[in-house]
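Engineer: Encoded as structure tokens, here's the structure I'll be asking about.
FYI, it's all coordinate maths here, none of it is from the lab. In this text, all values refer to a predicted model and were calculated from it rather than measured experimentally. Ideal geometry is used to build each Cβ from the backbone, glycine not excepted, and the neighbour counts take in all protein chains shown.
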């Protein structure tokens, strides 16, 4: 059995990124397995992929999970655009000697996985989205979210001084010290399927650690993501030609399934798997083997 506590303390590896920035990453699953670049959620960190370690071993997948700029142990990148993440992924792949790889984006990592599929079409040979955040710069998609999540994400539309006032200063230190405060907000709209997986002590510990990671460095990464998510991503969805599987629970109280349905309508080759009764956490935690098996089957297809 994988020791979650030991995994959380594992020091990161580093890769030089654009402009000499350090990209912090960790690999989980099978060391010699098929490579999958993991795009973590919001607010979170590379350690989120710990949740998939056992499933990745079973699927013979090597999960390579990196902190986005300003998260965890990765250097910040002021002024970045959402699609710039693909440049970091390209550097990471080059340094690891990966000619081609699959991409998996979970929740707030969904937009970043799509950026990779769009800007690295020759290198990304399979892409999957799990409970992905939709383009909330579209008012209708933002307003379909529950009030707590909607209120939080809408701060990205406010003047920078207000966002910095509310999410800078002592706030990151408080949340780093007591990450369970974020977990309590997450549980407001959690369906029974989510409550079941969140009751697992290992799952809860990993998720709390990712919150603490995200709040380091004055929460520079999450605060920038609030702004990026809330403004035009400048991703031409109609130009993404990959076949993309989208896995989403119809009881998701964090990111409503309407977001996945929007993607299914606007990505040319999307296939949406709607999962009855499943929530935001029960899909990646309870169905990781199925998701990885489908992703790798497509990645390894001739």
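Engineer: Could you line up 147, 85 from fewest to most neighbouring Cβ atoms inside 10 Å? Intermediate values should be presented prior to the final figure.
Structural biologist: Details: 147 10, 85 23.
So the ranking, lowest neighbour count to highest, is 147, 85.
Engineer: Sorting check: for 279-286, 226-233, which peptide has the highest mean count of neighbouring beta carbons within 10 Å, and how do the rest follow?
Structural biologist: My ranking of the peptides, most packed first, is 279-286, 226-233.
Engineer: Computed from these coordinates, which is mean projected area of the Cα convex hull in nm²: (1) 18.7; (2) 13.8; (3) 15.6?
Structural biologist: It is the value labelled (2).
Engineer: Continuing with the same structure: So how do 77-83, 128-134 stack up, highest first, on mean other-Cβ count within 10 Å?
Structural biologist: 128-134, 77-83
Engineer: Just grab the label-to-label distance for residue 140 and residue 122, each label 7 Å out from Cα along the Cβ direction, in nm (one decimal).
Structural biologist: For the pair residue 140/residue 122, the computed spacing is 3.8 nm.
Engineer: Between residue 250 and residue 150, what is the label-point separation in nm under the 7 Å Cα-to-beta-carbon projection?
Structural biologist: So the label points at residue 150 and residue 250 sit 2.2 nm apart.
Engineer: Please sort 93-102, 290-299, 215-224 by packing, taking for each peptide the average over its residues of neighbouring beta carbons within 10 angstrom, highest first.
Structural biologist: Details: 93-102: 15.7, 290-299: 18.8, 215-224: 22.1.
Result, highest mean first: 215-224, 290-299, 93-102.
Engineer: On to the next question. Quote to one decimal, in nm, the extra length available between residue 21 and residue 81 on full extension: 0.36 nm per residue of separation minus the C-alpha distance between them.
Structural biologist: 20.0 nm
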